[in-house]
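K.L.:
Questions regarding the structure given below will be posed in turn.
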Amino acid sequence: MTPRLIWRCVAMNVMMTIEYRGEFAMRMVNTLLGPLISLLVWLTVSEQGVRLPYDRDQFITYYLLLSLVSMLTATWLGAYLAAAIRQGDLSPWLLRPVPYIVNDIGNNAGEKVIKLVLLCPMVGLVAVFLRASLPSDPRAWLLFTISLPLAAAVAFLLDFVIGSLAFWIQDVWGLIRVKALVGGFLAGQWVPLALFPARFQGLLQIQPFRYTLSFPLEVLTGHLTPAALAYGFAWQVGYCVGLWACYRLVWHYGLRAYAATGA
Amino acid sequence: MPVILVDHLAKSYRFYRKEPGLRGSLRGLVHREMLETKAVNDLSFMVEQGEVVGFLGPNGAGKTTTLKLLCGLLYPSTGQAMVLGYTPHRREHSYLRQIALVMGQKNMLWWDIPAMETLLMHKEMYRLPEAEFKRTVDELAEILEVAQLLRVQVRKLSLGERMKLELLVALVHRPQILFLDEPTIGLDVVAQQRVRDFLRTLNREQGTTILLTSHYMDDIEALCPRVMVIDHGQLQFDGKLSMLVERIAPYKLLTAVFAEPVEPAVVAAMVAGLDVLPSDDPRRLGLHVPRTEVAEVAGRLLRLGNVVDLSIMEVPVEDIIRQVFSAPAGGKELV
């Protein structure tokens, strides 16, 4: 797996995404609308005098950045992978002297390049409209840029491993849907994890979905102590390594069960 | 030295039997009957370097499964295969760099972008030096007549054009062994002929070993000096195509055209014991004649005096294969 190969794979997916730029632009509108609706709900709650851990500016920062981070860490390939396994479409890739995961890495990264180009101006416009103030601490931005690719890796590997269960399970769609719903909730997609009751905070901090979305935002918004930062990064790296090991194990045995359906 | 060695190879699939209807579905929730089918059953053969071998057999005979086992897409249930000294299912990258599989219904080409992008991707995957890559692409594109199509989106191309590009992509790393599963399926006759010509050239000039399955007899006749007939996962015949023809059809097709319609009574006496082929033309007589009796029967017909044309031909291979394919389960042993 050479860097040139990864680059070629990403470039190819950028080209394919450009072919469907109109559709992707609409998808980015959707990506922005979800957090904006949540933001409006929380701002309304806040204006009613309810005491919340975040003030107005923090809510705006959280949800604006959430739209970008959720796009950059999003993964959608588990369902496609499951279909490819079930329908035998994995076969052309298995004939190549390259692991299949390279295809999905390329697809994931390639689409995000175009999505970023489409989403950034939209987020910028909303930020100007809401007079948002972004975090100014360079250290927070530095740690954010480390935690962001790690979050993308955790999300990607989790999805990839679940999709790979199609080697044995006829239909993993149900599992993928449950993961999307529960995962979104536990990742802080709709409600910042800091707003959950205190008695759940211990569990929330160690569950994997936190490290797919919430953690990079927590790092950037400066809500974490140095000890909590180190603890969080340790969990995030741990999930990356553990899920990579899971992927290798699942594929080692999964390929034995692969039926290569179809001519 | 053989490049492919297959020894008692077998592949079984397990599946559940499901009764039809709602009741069957509900019953399936608590009790399912597991069935096992042997797609490949105790298959053994060898292929030498540079051979072109055709796999023949009816649908579900095990031809494609055999190719998939040899490419490493499937794990065998029992037995083993060695290809170029590698065990295929280990899918070592050094092995995959030396083989290619072209499947008529599964594509290597990316749909939304020109084929050249797929080729460039393969250049990185197979670590092909720039000069060698360019030379190979130019050469293959010229032979396959697709140079003008390399920069056109794949989805804009015809089926025939896509299949030729699939071949180009499969061959850009110059594999030693080429597995072809129905490579001309869906192509028009002109495109079929071009693909056949190309494969023949590839085998002759580069010594590429080719194993192919096809339902088009023209493919087999044009390319394969050796054929293997597989049915129910087992090898039924392995040898020259001409031997298969002799074995399935131990007779020739003799056709005589008379100047005047022939008397049925005369014909009946003449061809007693022979298989007469139906004909709409009363002047034409077609017979299946045992190979050893062809000269004698032809002489008898000519002695009638009013024969204006006489031809002696092999039974079309297409008909032979139809007989092979339509053999009932566990049918005729050919070996």
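The values are calculated or read from the model by the stated rules, or taken from the named source; none is laboratory data. Owing to the predicted nature of the structure, the values given are computational and were not obtained by experimental measurement. Quick reminder, even Gly has a Cβ in these numbers, built from the backbone with ideal geometry, and neighbours come from all protein chains shown.
K.L.:
Output the residues belonging to region B:283-300 that are surrounded by 15 or more Cβ atoms within 10 Å (Cβ to Cβ) and out of contact with any Phe, Trp or Tyr (no Cβ under 9 Å at 6 or more places or on another chain).
P.N.:
B:G286, B:V297, B:A298
K.L.:
Which residues, counting only those in region A:23-43, are of a type outside the set (A, V, I, L, M) and touching a helix residue (DSSP H, G or I) at 6+ places or on another chain (Cβ under 7 Å)?
P.N.:
If the condition is that a residue be of a type outside the set (A, V, I, L, M) and touching a helix residue (DSSP H, G or I) at 6+ places or on another chain (Cβ under 7 Å), then A:F24, A:T31, A:P35, A:S38, A:W42 are the ones that fit.
K.L.:
Sticking with this structure for a sec: With the checklist (1) under 21 Å from B:M116 (Cβ atoms); (2) surrounded by fewer than 19 Cβ atoms within 10 Å (Cβ to Cβ); (3) more than 10 Å from every other protein chain (Cβ to nearest Cβ) in hand, flag the one item A:R56 doesn't pass.
P.N.:
Going through (1) under 21 Å from B:M116 (Cβ atoms); (2) surrounded by fewer than 19 Cβ atoms within 10 Å (Cβ to Cβ); (3) more than 10 Å from every other protein chain (Cβ to nearest Cβ) one by one, A:R56 breaks only (1).
K.L.:
For the structure I just gave you, tell me whether A:L204 is over 15 Å from the mean Cα position of the chain (by Cα), touching a residue at least 12 places away in the same chain (Cβ under 8 Å) and closer than 18 Å to A:V154 by Cα.
P.N.:
It is true that A:L204 is over 15 Å from the mean Cα position of the chain (by Cα), touching a residue at least 12 places away in the same chain (Cβ under 8 Å) and closer than 18 Å to A:V154 by Cα.
K.L.:
Can you name the residue in region B:66-85 that is over 16 Å from A:L255 (Cβ atoms) and not hydrophobic (A, V, I, L, M, F, W, C) and is also surrounded by the most Cβ atoms within 10 Å (Cβ to Cβ) among such residues?
P.N.:
In this case the residue turns out to be B:T66.
K.L.:
Return the total of residues in region A:76-94 being surrounded by fewer than 22 Cβ atoms within 10 Å (Cβ to Cβ), outside any helix (DSSP H, G or I) and in contact with a helix residue (DSSP H, G or I) (Cβ under 9 Å, 6 or more places away or on another chain).
P.N.:
2
K.L.:
Sticking with this structure for a sec: Within region B:96-135, track down each residue that is of a type in the set (G, A, S), more than 8 Å from chain A (Cβ to nearest Cβ) and in contact with a helix residue (DSSP H, G or I) (Cβ under 6 Å, 6 or more places away or on another chain).
P.N.:
B:A115 - this is the single residue of region B:96-135 that is of a type in the set (G, A, S), more than 8 Å from chain A (Cβ to nearest Cβ) and in contact with a helix residue (DSSP H, G or I) (Cβ under 6 Å, 6 or more places away or on another chain).
K.L.:
With B:K164, B:K134, B:K156 as the choices, which residue is modelled with pLDDT of 95 or more and of a type outside the set (G, A, S)?
P.N.:
Being modelled with pLDDT of 95 or more and of a type outside the set (G, A, S) holds for just one of B:K164, B:K134, B:K156, which is B:K134.
Per-residue answers, yes or no, for (1) farther than 29 Å from B:L56 by Cα; (2) in contact with a strand residue (DSSP E or B) (Cβ under 7 Å, 6 or more places away or on another chain):
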| residue | (1), (2) |
| --- | --- |
| B:A259 | yes, yes |
| B:V266 | yes, no |
| B:A269 | yes, no |
| B:V289 | no, yes |
| B:G305 | yes, no |
| B:V308 | yes, yes |
| B:I312 | no, yes |
| B:E318 | no, no |
| B:R322 | no, no |
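K.L.:
Quick check on region B:158-169. Is at least one of its residues within 25 Å of B:S214 (Cα to Cα), over 25 Å from the mean Cα position of the chain (by Cα) and within 12 Å of chain A (Cβ to nearest Cβ)?
P.N.:
Within region B:158-169, not a single residue is within 25 Å of B:S214 (Cα to Cα), over 25 Å from the mean Cα position of the chain (by Cα) and within 12 Å of chain A (Cβ to nearest Cβ).
K.L.:
Determine whether region B:266-284 contains at least one residue that is in a strand (DSSP E or B), touching a helix residue (DSSP H, G or I) at 6+ places or on another chain (Cβ under 7 Å), at pLDDT 85 or above and under 27 Å from B:I321 (Cα atoms).
P.N.:
First pass over region B:266-284, keeping only residues in a strand (DSSP E or B): B:275-277, B:284.
Restricting the remaining residues to those that are touching a helix residue (DSSP H, G or I) at 6+ places or on another chain (Cβ under 7 Å) gives none.
Looking for residues that are in a strand (DSSP E or B), touching a helix residue (DSSP H, G or I) at 6+ places or on another chain (Cβ under 7 Å), at pLDDT 85 or above and under 27 Å from B:I321 (Cα atoms), one finds none in region B:266-284, hence no.
K.L.:
Another question about this same structure. Restricting to region A:158-181, count the residues that are under 18 Å from A:L90 (Cβ atoms) and not polar (S, T, N, Q).
P.N.:
Qualifying residue count, region A:158-181: 14.
K.L.:
Any residue in region A:176-188 that is β-branched (V, I, T) sitting within a Cβ distance under 8 Å of a residue that is modelled with pLDDT of 90 or more? List the pairs, counting only those 6 or more apart or interchain.
P.N.:
Listed pairs, sorted by first residue: A:I176/A:G78; A:I176/A:A79; A:I176/A:A82; A:I176/A:D159; A:I176/A:I162; A:I176/A:G163; A:V182/A:F209.
K.L.:
Looking at region A:1-40 only, could you name the residues that are in a helix (DSSP H, G or I), of a type in the set (F, W, Y) and within 12 Å of chain B (Cβ to nearest Cβ)?
P.N.:
Scanning region A:1-40 gives a single hit, A:W7.
K.L.:
Of A:V50, A:V45, which residue is among the β-branched types (V, I, T), surrounded by fewer than 16 Cβ atoms within 10 Å (Cβ to Cβ), part of a loop (DSSP other than H, G, I, E, B) and at pLDDT below 90? Write out each step before concluding.
P.N.:
Numbers: A:V45 fails: part of a loop (DSSP other than H, G, I, E, B).
It is A:V50.
K.L.:
Restricting attention to region B:219-253, and to residues there that are at pLDDT below 85 and β-branched (V, I, T), which single residue is surrounded by the fewest Cβ atoms within 10 Å (Cβ to Cβ)?
P.N.:
In this case the residue turns out to be B:V245.
K.L.:
Counting only residues that are within 14 Å of chain B (Cβ to nearest Cβ) and of a type in the set (S, T, Y), which one in region A:214-263 is farthest from B:K106 (Cα to Cα)?
P.N.:
Looking at residues that are within 14 Å of chain B (Cβ to nearest Cβ) and of a type in the set (S, T, Y), I get A:Y253.
K.L.:
Restricting to helices (runs of 4 or more DSSP H) lying wholly in region B:114-180: which have 1 or more residues that are over 25 Å from B:G50 (Cα atoms) and touching a residue at least 40 places away in the same chain (Cβ under 8 Å)?
P.N.:
So the answer is B:115-125, B:159-171.
K.L.:
Hey, another quick one. So, in region B:196-236, how many residues would count as being assigned to a strand (DSSP E or B) and under 14 Å from the mean Cα position of the chain (by Cα)? So that I can check it myself, show each step before the final result.
P.N.:
We begin by selecting, within region B:196-236, every residue assigned to a strand (DSSP E or B); these are B:209-213, B:226-231, B:234-236.
Next, only the ones that are under 14 Å from the mean Cα position of the chain (by Cα) stay: B:210-213, B:226-231.
Selection size over region B:196-236: 10.
K.L.:
If you don't mind, there's one more thing I want to ask. Could you run through region A:89-110 and say how many residues are among the hydrophobic types (A, V, I, L, M, F, W, C) and more than 7 Å from chain B (Cβ to nearest Cβ)?
P.N.:
Counting residues in region A:89-110 that are among the hydrophobic types (A, V, I, L, M, F, W, C) and more than 7 Å from chain B (Cβ to nearest Cβ) gives 6.
K.L.:
With the checklist (1) over 28 Å from B:I4 (Cβ atoms); (2) over 26 Å from the mean Cα position of the chain (by Cα); (3) surrounded by fewer than 17 Cβ atoms within 10 Å (Cβ to Cβ) in hand, flag the one item B:R127 doesn't pass.
P.N.:
(1)
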